[in-house]
Amino acid sequence: MAITIDEAYFDALADSVIDGEDEDCVRLVNDGLEAGVDPLEAVEKGLAKGINQVGVDFGAGVIFLPELAMAADTMKMGAAILDEKIRESGSKRMSHGTIVIGTIKGDIHDIGKSVVAAVLQANGYNVVDIGIDVDIDTFIQALKDNNADVLGMSTLLTLPLMTMGEVIEKLKEVGMRDKIKVIVGGCPVTQEFADEIGADAVGFDAQDAVVKLDGLMGVNRQVAVARG
Amino acid sequence: MVHDAAIRVLQEGGVRCDDERAAKMFEAVGCTLENDRQLVKIPEKAVMAALKTCPSSFTLHGRDDPTKDCSIGTGEVHFCTVTGRYIDDIRTGERRKVTRQDAIDGTLMADALENVHGLYKPVMWLFDEEMICNSQILTAEWMKHTNKPGTWVYNTGAEHEVADLIKMWQIAAGGEEEMRAKPHMLGHVVVNPPRVIDVHYTDWLIGFCDSGTPLSIESALMGGATGPATRAGMLVQCMVEIYALVVQAQSYKPGHPLAFCSFNPAMDMRTGLWACGTPEYGINGGGIAAMAKYHNIPVVGFGMSDACEFDQQSAFEKALKNYNYALAGLSWVIDLGGTAGFNLVSWPEMVLENEMVEYIGEYLKGIVVDEERLSVDTILKVGPLPGSYMKEKHTRNWFRKEFYIPELSNKEFFESWERGHVELQEKAKAKALDILDNHQSPVAPEIQQELDDYLAHCLKRDLG
């Protein structure tokens, strides 16, 4: 039976993200497309509404990282289907920007970077997480492939710090530095170090990364209310 | 149940191993290699055989004096300093990043304090030195300023780090054979949770075993992120990873001394940071200690607090955990002088925690019961009232041994204290300053020179 595209539908889509229910989200998206939903509207009124609420609730301490990370994954699954349709229609969905994020070559620490990725996504950024032990060329290629606005690099170790600077140098070499903002983070990263290698900002924790990135991207956030 | 669950995981799921050297070590003791030799299934027989070859105790030696020896696995509890990236500067009051001078100061401080039995690296990195050779500079300063034993966890991953540091430890011990005979460092080997045998730590494992350095075997999982979100599940995965490393180490060098190590925080579900000051962290240490006792293997661990300064939170987290660890039977607890999860060190705090450790030691003494201490003759002689024990020889003979008299903690009458007093922190600061101004390194000048020469060689090689 075909579903009706109404406020209840969009709320259900938003709830599937908030609850991190992958299967519900994918089913609702597919059913919606079958019933003729505008994919851009499905993102904005459904998925984005849900993930924005998750961001607010996380900031307010109502929900915690596992819930945030699951919601971010659910959002991604739903958005992947809808994005394809949006592209076919020649439109583009709104986000605060696309960030390619990864842990730098020589380091396989995943958690800190993944937390930042989830929090950024929940705050309206399109996040492309390219994993751990990422070399210079892979970063550059991913930035090109995703037409990214921001490069995010992380490490928990000291020696890979040097490679962060080399990635920035490579960005200059290939003529991309002017259009890519660079944010770095991780235990040994200091403001002085970031300045030294020419990064635009340091995210000292996940929420700080959102604040810094908002500053770089000129995002002004409305005050939103957490669920009780 | 925990052991059986861990064995089931090792047999059915195994551990990943991306290193042919490690694969061969596992293969040699009957483990099965699958998925292009990258997945190791470990049978219970291999685990039990490996555990049987581990000694039940070993000693970390003081380098100049047997009174500095720390016996691991014999029931003694030793406390060790922790490390940090920032310091509360004792002279300026400023909070700043640590430097080479702080590495020297921290080592001298630990050397001077009698209840600090060992050292972890006195600071995390030297922010005023190049990152290449950072560990070598740090280690040289450390070895030049104390003869107490220490504990080492992989630092920067630099190319020559393993060989250089072991060489420096050997110089400090008086030579390669001297260190083999009397090891003074505990070498930490860690799994990449969940269930990956790390290539770099295999480098360290080989280096530690070849040089006769006892091992500390740890999982370092983070509950809810790289480990399960239940206390029992965390312990099961810890044992999976600890057993795997024990099998690897005992295959490479049967009979090599090792200890199980506890450093398994849960993830803070708001920040994603490790939470070391929590009850579940301390309880996990107790769980690993129980497993170690079951197998008759020594156990060590990291203490730590999550407080971002030395305050009531750091005090109660540290006191509760360290006392719990002492009761659980950990032989080597890495905690003193630092807080905020390897981020902040303070020398006055190390002074205060030197006293905290003394308190714990007094608790552990309990009540010794013998004829003299039962005091029956004295009780009969003095009472009932009027009568006082204060002028009795029995009192004079025993109170110093039986009653704890702290150096810094307040014992003043409330109203006298109200009229005027020196704050505890100020007393600690004064003592720390006195140590910094007056304490001299006990390390022989010729060893200091040899360490300087070796460091010069490292710097020339790596920095030109």
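The values are calculated or read from the model by the stated rules, or taken from the named source; none is laboratory data. In this text the structure is predicted, and so the values were computed from the model without any measurement. Don't worry about glycine lacking a Cβ; one is built from the backbone with ideal geometry, like all the others, and counts go over all protein chains shown.
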Original post:
Which condition number does B:SER416 fail, the rest of (1) small (Gly, Ala, Ser); (2) over 25 Å from B:VAL368 (Cα atoms); (3) surrounded by 14 or more Cβ atoms within 10 Å (Cβ to Cβ) being met?
Top reply: (3)
Original post:
So which residues in the range B:358-375 are more than 22 Å from B:VAL77 (Cβ to Cβ), part of a helix (DSSP H, G or I) and not charged (D, E, K, R), if there are any at all?
Top reply: B:LEU374
Subject >> Matching residues, the range A:199-220, being free of Cβ contacts under 8 Å to residues at least 60 places away in the same chain, assigned to a helix (DSSP H, G or I) and either within 14 Å of chain B (Cβ to nearest Cβ) or touching a Phe, Trp or Tyr at 6+ places or on another chain (Cβ under 7 Å) (or both) >> reply: A:ASP208
Original post:
Exactly one of (1) over 25 Å from A:ALA206 (Cβ atoms); (2) among the basic types (Lys, Arg); (3) out of contact with any strand residue (DSSP E or B) (no Cβ under 7 Å at 6 or more places or on another chain) is unmet by B:LYS318. Its number?
Top reply: (3)
Original post:
Going through the range B:105-118 one residue at a time, which ones are buried (at least 24 other Cβ atoms within 10 Å of the Cβ) and either touching a Phe, Trp or Tyr at 6+ places or on another chain (Cβ under 8 Å) or more than 28 Å from B:ALA181 (Cβ to Cβ) (or both)?
Top reply: B:ASP105, B:GLY106, B:THR107, B:MET109, B:HIS117, B:GLY118
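Is it true that B:ARG21 is in the same structural domain as B:VAL300 (by TED's automatic domain parsing), farther than 30 Å from B:GLY287 by Cα and in contact (Cβ under 8 Å) with a residue 24 or more places away in the chain?
Values: in the same structural domain as B:VAL300 (by TED's automatic domain parsing): no; farther than 30 Å from B:GLY287 by Cα: yes; in contact (Cβ under 8 Å) with a residue 24 or more places away in the chain: yes.
Judged against the criteria, B:ARG21 is not a match.
Restricting attention to the range B:85-101, which residues are within 14 Å of chain A (Cβ to nearest Cβ) and in contact with a Ser or Thr (Cβ under 8 Å, 6 or more places away or on another chain)? Even if it seems obvious, please write down each step before you answer.
In the first step, residues of the range B:85-101 are kept if they are within 14 Å of chain A (Cβ to nearest Cβ); the result is B:85-86, B:95-99.
Listed by number, the list holds a single entry, B:LYS97.
Only residues that are over 11 Å from A:ILE104 (Cβ atoms), more than 12 Å from chain B (Cβ to nearest Cβ) and in contact with a helix residue (DSSP H, G or I) (Cβ under 7 Å, 6 or more places away or on another chain): list them for the range A:152-194, please. Give the derivation first.
In the first step, residues of the range A:152-194 are kept if they are over 11 Å from A:ILE104 (Cβ atoms); the result is A:158, A:168-183, A:187-188, A:190-194.
Those left that are additionally more than 12 Å from chain B (Cβ to nearest Cβ): A:168-183, A:194.
The answer is A:ILE168, A:LYS170, A:LEU171, A:VAL174, A:MET176, A:ARG177, A:ILE180, A:LYS181, A:VAL182, A:ILE183.
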Original post:
Of (1) surrounded by 23 or more Cβ atoms within 10 Å (Cβ to Cβ); (2) touching a residue at least 60 places away in the same chain (Cβ under 8 Å), B:GLY282 satisfies all except one. Which?
Top reply: (2)
**OP:** Given the conditions (1) of a type outside the set (Val, Ile, Thr); (2) in contact with a Lys or Arg (Cβ under 9 Å, 6 or more places away or on another chain); (3) assigned by TED's automatic domain parsing to the domain that holds B:MET304, report the number of the one that B:ASN322 does not fulfil.
**Re:** (2)
**OP:** State the number of residues belonging to the range B:198-217 that are modelled with pLDDT of 95 or more and either of a type in the set (A, V, I, L, M) or out of contact with any Gly (no Cβ under 8 Å at 6 or more places or on another chain) (or both).
**Re:** 8
**OP:** Residue by residue through the range B:171-210, note down the ones that are under 20 Å from the mean Cα position of the chain (by Cα) and of a type in the set (S, T, N, Q).
**Re:** B:ASN192
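So which of B:LYS381, B:LYS401, B:LYS431 ends up being among the charged types (D, E, K, R), surrounded by 11 or more Cβ atoms within 10 Å (Cβ to Cβ) and under 30 Å from B:PRO66 (Cα atoms)?
Values: B:LYS381 fails: under 30 Å from B:PRO66 (Cα atoms); B:LYS401 fails: surrounded by 11 or more Cβ atoms within 10 Å (Cβ to Cβ).
Testing whether each residue is among the charged types (D, E, K, R), surrounded by 11 or more Cβ atoms within 10 Å (Cβ to Cβ) and under 30 Å from B:PRO66 (Cα atoms) leaves just B:LYS431.
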**OP:** Inspect the range B:168-185 for any residue being touching a strand residue (DSSP E or B) at 6+ places or on another chain (Cβ under 8 Å) and over 28 Å from B:GLU450 (Cα atoms) and give the result as yes or no.
**Re:** no
Subject >> Residue match in the range A:100-113 (condition: among the hydroxyl-bearing types (Ser, Thr, Tyr), within 14 Å of chain B (Cβ to nearest Cβ) and in contact with a strand residue (DSSP E or B) (Cβ under 7 Å, 6 or more places away or on another chain)) >> reply: yes
Original post:
Given the residues B:ASP4, B:ASP102, which is the only one that is part of a helix (DSSP H, G or I), of a type in the set (D, E, K, R) and crowded, with 16+ Cβ neighbours inside 10 Å?
Top reply: B:ASP102
**OP:** Using the structure shown, decide if A:PRO39 is of a type outside the set (A, V, I, L, M, F, W, C), without any contact (Cβ under 8 Å) to a residue 12 or more places away in the chain and not assigned by TED's automatic domain parsing to the domain that holds A:ALA209.
**Re:** no
Original post:
If only one of A:ARG93, A:ARG87 is within 22 Å of A:VAL128 (Cβ to Cβ), surrounded by 17 or more Cβ atoms within 10 Å (Cβ to Cβ) and modelled with pLDDT under 85, which one is it?
Top reply: A:ARG93
**OP:** Could you please give the count of residues in the range B:228-237 that are touching a residue at least 60 places away in the same chain (Cβ under 8 Å) and in contact with an Asp or Glu (Cβ under 9 Å, 6 or more places away or on another chain)?
**Re:** 0
Original post:
Residue check: is A:ASN126 among the polar types (S, T, N, Q), at negative phi and under 18 Å from the mean Cα position of the chain (by Cα)?
Top reply: yes
**OP:** Output the number of residues of the range B:136-190 satisfying the condition of being surrounded by fewer than 24 Cβ atoms within 10 Å (Cβ to Cβ), more than 14 Å from chain A (Cβ to nearest Cβ) and of a type in the set (Gly, Ala, Ser).
**Re:** 4
Subject >> Residues that are within 14 Å of chain B (Cβ to nearest Cβ), over 12 Å from A:LEU120 (Cα atoms), within 18 Å of the chain's Cα centre (by Cα) and surrounded by fewer than 20 Cβ atoms within 10 Å (Cβ to Cβ), drawn from the range A:57-84 >> reply: A:PHE64, A:PRO66, A:GLU67, A:MET70
**OP:** Please specify each residue of the range B:323-356 satisfying the condition of being surrounded by fewer than 24 Cβ atoms within 10 Å (Cβ to Cβ) and within 30 Å of A:GLY186 (Cβ to Cβ).
**Re:** B:ALA340, B:GLY341, B:PHE342, B:ASN343, B:PRO348
**OP:** Output yes when any residue across the range B:210-221 is at negative phi, within 14 Å of chain A (Cβ to nearest Cβ) and buried (at least 24 other Cβ atoms within 10 Å of the Cβ), and no when none is.
**Re:** yes
Original post:
Has the range A:147-167 got at least one residue that is closer than 24 Å to A:TYR125 by Cα, hydroxyl-bearing (Ser, Thr, Tyr) and either part of a loop (DSSP other than H, G, I, E, B) or in the same structural domain as A:ASP129 (by TED's automatic domain parsing) (or both)?
Top reply: yes
Original post:
If we scan the range B:314-322, do we find a residue that is under 30 Å from B:ALA428 (Cα atoms) and within 14 Å of another protein chain (Cβ to nearest Cβ)?
Top reply: no
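Within the range B:414-425, is there a residue that is within 27 Å of the chain's Cα centre (by Cα) and closer than 28 Å to B:GLU141 by Cβ? Outline the logic, then answer.
Residues of the range B:414-425 that are within 27 Å of the chain's Cα centre (by Cα), as a first pass: B:424-425.
Then keep just the ones that are closer than 28 Å to B:GLU141 by Cβ; that gives B:425.
Yes, the range B:414-425 contains at least one residue that is within 27 Å of the chain's Cα centre (by Cα) and closer than 28 Å to B:GLU141 by Cβ.
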